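Quick notes on the structure that follows.
Bear in mind these aren't lab numbers, they're just calculated from the coordinates by the rules spelled out. On a predicted model such as this, the values are computed, not experimentally measured, just so you know. Ideal geometry is used to build each Cβ from the backbone, glycine not excepted, and the neighbour counts take in all protein chains shown.
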Amino acid sequence: MSTLQERMQELVRETGWTVGEISGKAGVSHSAVSQWLSGETQSLKIEPAVLLERYTGFSALWLAKGKGQKKVDAPGSHDDAEFAGRARQARFVPVVGTAKMGDDGYYEEISSVVGAGDGHIEIATEDPNAYGLRVRGQSMFPAIRDGWYVLVEPNGTPQTGEYVLLKLRDGRKMVKELLVRRTTSIEVLSVNTQERLTFDTAEIDAIHAVAAVVSSSKWRPD
């Protein structure tokens, strides 16, 4: 019998989906998907498995338990226009620079000027101000791999369990998983260390939604 990690990796190979896309379709957090892909957990509840069956054709029973046939008919599996429950139009999104991830989860944005000449990624988004960042470093592996890209939507509304790009007033920038958003503070989770951090709203300059994680094959030069 195959492991959950092997089954999820096969799903990724066939669909080409990113962690963010699987998360959106399955209705779970990015960290849960990362744990499936890394082998950190061998538990997959039937509810997200059923949702993945609907969109991919992989049997929910096979995904969750490794039993039965691998594939079933899935009418919605090729609905590329749907992403995380919203209809979006594919377009070229400029890559504004590189986010060099540090061991502490912070990064330095090499360039923040839209159209700075770092190419583009073709992806569906409704945000006219959306931009991409190339990620360097292994501090967010396997959720975000070295050389991959993140799609950032400044006008998006991040939900709990999703990644956010957090800019603090002291100049620090980081990509974290949003856990709790309160009136006076937010709580986030570091992807690689599972460390929980709390920041007062007075410390925060901006919170941008990370709408997708994109493999390096999606990048195109200008």
Using a basic spin-label model with each label point 7 Å from the Cα along Cα→Cβ, how many nm lie between T198 and R169?
1.9 nm
Find the Cα radius of gyration of region 146-222, compare it with 2.2 N^0.38 Å by division, and give the number to two decimals.
1.16
For region 137-190, the convex hull over Cα atoms projects on average to an area in nm² of 4.4 nm²
Mind jotting down the distance between the C-alpha centroids of region 125-196 and region 1-55, whole Å?
20 Å
Restricting to lysines and to Cα separations under 24 Å from K25, and discarding same-chain partners fewer than 8 apart, the set is K45, K65, K67, K70, K71, K176, K218
